[in-house]
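First the structure, in the form of structure tokens, and then the observations on it.
The values are calculated or read from the model by the stated rules, or taken from the named source; none is laboratory data. Treat the numbers as computed from the prediction; the structure is a model and nothing was measured. Cβ: placed from backbone, ideal geometry, glycine included. Neighbour counts: every protein chain shown. Side chains are part of the model used for accessible areas, which takes the heavy atoms of the whole protein and leaves out ligands, DNA and RNA. Shrake-Rupley method; radii C 1.70, N 1.55, O 1.52, S 1.80 Å.
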Amino acid sequence: MERLPLEIQTLYAELVERLVSYEATRAIGHTPGTFVTKTIKGREYYYFQHPGPGEAKRQTYVGPRDENLDALAKRFAEGRAQSSTERRSVERLAALLRAGGAMVADAPSARVVAALADAGVFHLGGVLVGTHAFIVLGNVLGYRWPSALRTQDIDIEARPTIDVAVPGVEPTDVPSTLDRLEMGFLPVTGLDPRNPSTSYKVRGQGLRVDLLTPSDHRRSKPVPVPHLSAAAQPLRFLDYLIEAPVRTALVDGGATLVNVPDPARFALHKLLVAQERPAAMQAKREKDLVQAGHVLTVLAEDRPGDVSIAWDELRARGSSWAKRVRDSLDALERLSPGSASQLRDLIG
């Protein structure tokens, strides 16, 4: 792995700021359609004209024209213009980051993540986990990871309930969002066909979306997630991973604002789950360990306090959790001795 130049790290920080601004301005400006007026019996009325099924346009009645609706239509037009300017700025920064060696997602995966973001998945509390989070964390920490550590699996943490109400955000439909991409996503049938699917895969390709949710130790079957119109697979230790996520950017041809885990929690969680992998998944186990080793090496040098805090919170969840991490350190010693010794120095 290699450290990204300081100017690239600065550009990435600016990109995240721009994306946050863009998300704020596009709330109204991003909506497809426009305000139009119609005169009926000598009086003007506002309608909102927007795309309907197929090529048809639909008009939704808003109300009689007055000063308040004039102001609304003006704000909409201004919001759209500002949103367009912000988007161009985001695309320019993303291009500079790609040219400067920042970590970028492959185009198909980025398209899926952007569609999920547009559908409100991350506004509703979804957290991008797995290898795509690892890619994002490289830019967050200012490093470029080896390309061999990447996959096309897109793992989204989705809680079965919304703990905090988010004003202005409506429930979304993940299966329909993937279907509208016309990329060939199909639900993956589990071992028990009576259970709803928690995964969607493009036939004949490696691209896959998995919906995950924290396990409450009482169930292993898929959990309905009503606000996503989908189901998610319970996963042990996920509640620790997704606590206090980071709002940042996935970079591709443009960039998408996403939530990813805290870097230190991400690395320690990788050490936890590595102990849960069966022998048939040795390759994934080694990938978990190597990704954890890379992140921990960076944190030990640049942000050792983050590891100490994350370790204290993990250890407070029980001695079995701490034992799993220490067992994984023994395995990590064979793959990355420096990372293992650095972490032992931090956690004692």
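A single member of K323, K287 is part of a helix (DSSP H, G or I) and farther than 18 Å from V129 by Cβ, and it is K323. Is there a residue in segment 8-25 that is modelled with pLDDT under 85, more than 30 Å from T297 (Cα to Cα) and either of a type in the set (D, E, K, R) or open to solvent by 70 Å² or more (accessible area, probe 1.4 Å) (or both)? Yes: one or more hits. Of the candidates V104, V121, the single residue that is open to solvent by 10 Å² or more (accessible area, probe 1.4 Å), aliphatic (A, V, I, L, M) and outside any helix (DSSP H, G or I) is V104. If I filter segment 102-109 for residues that are polar (S, T, N, Q) and over 19 Å from the mean Cα position of the chain (by Cα), do I get at least one hit? Among the residues of segment 102-109, not one is polar (S, T, N, Q) and over 19 Å from the mean Cα position of the chain (by Cα), which makes the answer no.
Between D252, D262, the distinction of being closer than 20 Å to A310 by Cα, at pLDDT 90 or above and of a type in the set (D, E, K, R) belongs to D262 only.
Selection over segment 302-348 of residues that are free of Cβ contacts under 8 Å to residues at least 12 places away in the same chain and under 19 Å from G142 (Cβ atoms) gives a count of 1.
Within segment 245-262, residues that are on the phi < 0 side of the Ramachandran plot reach partners that are at pLDDT below 90 and in a strand (DSSP E or B) with beta carbons closer than 9 Å, at six or more positions or on different chains, in the pairs P245/E157; N259/E157; P261/E157.
Taking segment 270-316 as the range and being open to solvent by 20 Å² or more (accessible area, probe 1.4 Å), within 13 Å of L343 (Cα to Cα) and of a type in the set (G, A, S) as the test, the residues that pass are A300, G305, S308. Figure legend. Inter-residue proximity from segment 36-58: first residues under 17 Å from L69 (Cα atoms) and surrounded by 11 or more Cβ atoms within 10 Å (Cβ to Cβ), second residues modelled with pLDDT of 80 or more and basic (K, R), beta-carbon distance below 8 Å, spacing 6+ or different chains. Indicated pairs: T37/R65; E44/K38; E44/R65; Y45/K38; Y45/R65; Y46/R65; Y47/K38. Checking each residue in segment 191-215 for being open to solvent by 20 Å² or more (accessible area, probe 1.4 Å), within 30 Å of L314 (Cα to Cα) and touching a helix residue (DSSP H, G or I) at 6+ places or on another chain (Cβ under 9 Å) picks out L212, P214, S215. Taken together, R194, R277 contain a single residue that is closer than 29 Å to V140 by Cα and outside any strand (DSSP E or B), which is R277.
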